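Colleague: Next up is a structure, given as structure tokens.
The values are calculated or read from the model by the stated rules, or taken from the named source; none is laboratory data. Just so it is clear, the model here is predicted, and its values are computed rather than measured. With ideal geometry, Cβ positions are generated from the backbone for all residues, glycine too; neighbour counts draw on all protein chains shown. Remember, those area values only see protein heavy atoms, side chains included, never the ligands or the DNA or RNA. Shrake-Rupley method; radii C 1.70, N 1.55, O 1.52, S 1.80 Å.
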Amino acid sequence: MPVGIFRVVRGMMPAIVNQPLLFPQENCTVPEHAEDIIQKMKEREERLRLAQLRLEQEVAEQEATQKALEEAAEATEERKEEKLQWDLWTALSMVIFKKKIELWRQYFQEGMGQDTGEEDDMAILGKAFKGVSFPDKAVLASFYEKRILGTAGEMARMREMVEGFADDLLEALRSVCNRDADMEVEDCIGVGSMYENWRVRKPFVCDLIVPFAPPEPYCFRSQTWCSGDSFPPDEQGYGTIKVCRAGEDAMGCICDKTKLGEDMLCLLHNQANTTRPSSEMEDLLCFKNTHYLDADQVMKWFQIAVTKAWNRISHKYEFDLSFSLLDSPGALKIKFRSGKSVAFNLTPVVQYENSDVYFISHFPRSSLAADLPSSTHWFLTFAVYERRFIQLVSKMLPANACHVSCLQILSFLHGKQCSLTGPSGLTNYHLKTVMLHLLQARPRQDWAPEKLEARLQDMLKFLEKCLHEKKLYHFFIGNGKVPAELGFPIVFQKAEPLNLFRPFVLHRDVYQKTVDTFHEMLRNTSALINEYTMHIP
């Protein structure tokens, strides 16, 4: 609008200036006061010129303001686009970085070998042992003699009693089973802390495993995670067991998959020796519609068989027998009329090929352990070889060596601390694994009885180093230094090391609780030992 007014006034200006009276000069009469009129018109012209300048200045300012607003809007839009691009790139970079860190951590946890160097242990454990008062040799020796050594005789008597009863029970079990259809049960084998002479916590519980085999003409074909086939990380340490006919491979005979003519016979199978239909495989304790042995079916069969066997021989004994724990199907308890009781575990297992490695149907679970992938996955136990290794090394060590004493004291301290602060992710099996690694790493003379204090500190340092790194490898799996005298299967020696602390990477709350419990145990070591030891002058 101001621009239009300005253009109209600008068009009128020349007419007013050039022809002020709008009459021809020769025909006009000059009015009076002509000079005044001319002066007023000059003044008016000056005012209009000033108005024109102001209008031009305002128009220029408006155009400059409009241009500045447009430039500011464009700059804002560009900044938004740049910010969005930067945010996307930042988010993508963080995701990639986090993924690389996680992959690196898993590789580091699982791919590197177990290090037992004492210098590295001391470097890591400097902070944990600061301010910790450790009992001296005299206090430790007195504590071990008064609180632990006296239980050896009681454990021996209990082992003898439980083994005798278990043999009688299994003999009765064989008599009630159908030899043509039921599983064949072998003699039981004692494993674990009671048979390695280092259990300290009461009540004492004997662990017995019972190998069994299928009836003729069937056999078991086992497959482990290290057999060459790909197993996911959460299935390492497990295997599967397939029920096959003797003389067949695990894939079965072709006559089961192809219809043969009436005049054709299979050279492996005749009419009197035919394979059972898949619908009847459940009679062999297989998972439904499969040929794979089902651990749940095995435990149900075993419990029923044990119950029948006990009913046959119960009149010979003056005590009762019952299954004690719902979450442990093989847990049995003997109850005497006096009120005393004796607990033991009787667990069926399957032998791996011709070795003393066994697939165990039920394994005690802890807060750290994950659920089984399925009931057709069986955990492998190396308990027989662990017992043999301890016996073999003990013969080479000085008399009254302190290796078992260290494990007993450490197990006692950890048990007492857990009773105060609650359970943690550590188990006695982890503590025994630490001792096995140090037995292999340290010279034999270092285990003399007078070095009890130093070796106990070594075990604590090694254990905290493993917790710090979330890395404690299974002693046998992936260990190429296993003594040849044990006859350990080479396939497990060549396998990738199995990290027993791998679940700590996934369960950080359990890991933090375990570390806190361990550090609390270190601070309470002297108090716990002094509490259970008489004063020494």
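Colleague: Mind listing just one residue for me: the one in the stretch 193-204 that is open to solvent by less than 20 Å² (accessible area, probe 1.4 Å) and not hydrophobic (A, V, I, L, M, F, W, C) and, of those, nearest to I390 (Cα to Cα)?
Modeller: By that ranking, first place goes to E196.
Colleague: Which of the helices (runs of 4 or more DSSP H) found entirely inside the stretch 487-537 contain at least 3 residues meeting this: within 30 Å of F476 (Cα to Cα), open to solvent by less than 20 Å² (accessible area, probe 1.4 Å) and not charged (D, E, K, R)?
Modeller: Output list reads 508-531.
Colleague: Name the one entry in E45, E78, E56 that is acidic (D, E), open to solvent by 80 Å² or more (accessible area, probe 1.4 Å), modelled with pLDDT of 80 or more and out of contact with any Cys (no Cβ under 7 Å at 6 or more places or on another chain). Quick ask: steps written out before the conclusion?
Modeller: Working: E45 fails: open to solvent by 80 Å² or more (accessible area, probe 1.4 Å); E78 fails: modelled with pLDDT of 80 or more.
Going through E45, E78, E56 in turn, the sole match is E56.
Colleague: Okay, next question. How many residues are over 38 Å from the mean Cα position of the chain (by Cα) and acidic (D, E) if we restrict to the stretch 156-172?
Modeller: 2
Residues are listed down the side, and each one gets a yes or a no for (1) open to solvent by 20 Å² or more (accessible area, probe 1.4 Å); (2) in contact with a strand residue (DSSP E or B) (Cβ under 6 Å, 6 or more places away or on another chain); (3) at pLDDT 95 or above:
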residue	(1), (2), (3)
E450	yes, no, no
L456	no, no, no
L472	no, no, yes
G478	yes, no, no
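Colleague: Right, something else. Anything in the stretch 300-347 that is over 24 Å from L284 (Cβ atoms), among the hydrophobic types (A, V, I, L, M, F, W, C) and assigned to a helix (DSSP H, G or I)? List them, or say none.
Modeller: W310, I313
Colleague: Filter the stretch 148-185 for residues that are surrounded by fewer than 15 Cβ atoms within 10 Å (Cβ to Cβ) and assigned to a loop (DSSP other than H, G, I, E, B) and give the result.
Modeller: If the condition is that a residue be surrounded by fewer than 15 Cβ atoms within 10 Å (Cβ to Cβ) and assigned to a loop (DSSP other than H, G, I, E, B), then L149, G150, N178, R179, D180, A181 are the ones that fit.
Colleague: Something else: Applying the selection to the stretch 130-147, what residues are aliphatic (A, V, I, L, M) and surrounded by 12 or more Cβ atoms within 10 Å (Cβ to Cβ)?
Modeller: Correct list: V132, V139, L140, A141.
Colleague: Suppose we filter S419, S424 for residues that are open to solvent by 20 Å² or more (accessible area, probe 1.4 Å) and small (G, A, S); which single one remains?
Modeller: Numbers: S424 fails: open to solvent by 20 Å² or more (accessible area, probe 1.4 Å).
Residue meeting the stated conditions: S419.
Colleague: Give K340, K316 a once-over and let me know the one that is loosely packed, with under 15 Cβ neighbours inside 10 Å, touching a helix residue (DSSP H, G or I) at 6+ places or on another chain (Cβ under 9 Å) and at pLDDT 90 or above.
Modeller: Of the residues listed, the single one that is loosely packed, with under 15 Cβ neighbours inside 10 Å, touching a helix residue (DSSP H, G or I) at 6+ places or on another chain (Cβ under 9 Å) and at pLDDT 90 or above is K316.
Colleague: Follow-up question, since we're still on this one. Of the residues in the stretch 427-444, how many are open to solvent by less than 20 Å² (accessible area, probe 1.4 Å) and not in a helix (DSSP H, G or I)?
Modeller: 0
Colleague: Would you pick out the residues in the stretch 377-403 that are touching a Ser or Thr at 6+ places or on another chain (Cβ under 8 Å) and surrounded by fewer than 21 Cβ atoms within 10 Å (Cβ to Cβ)?
Modeller: Correct list: H377 only.
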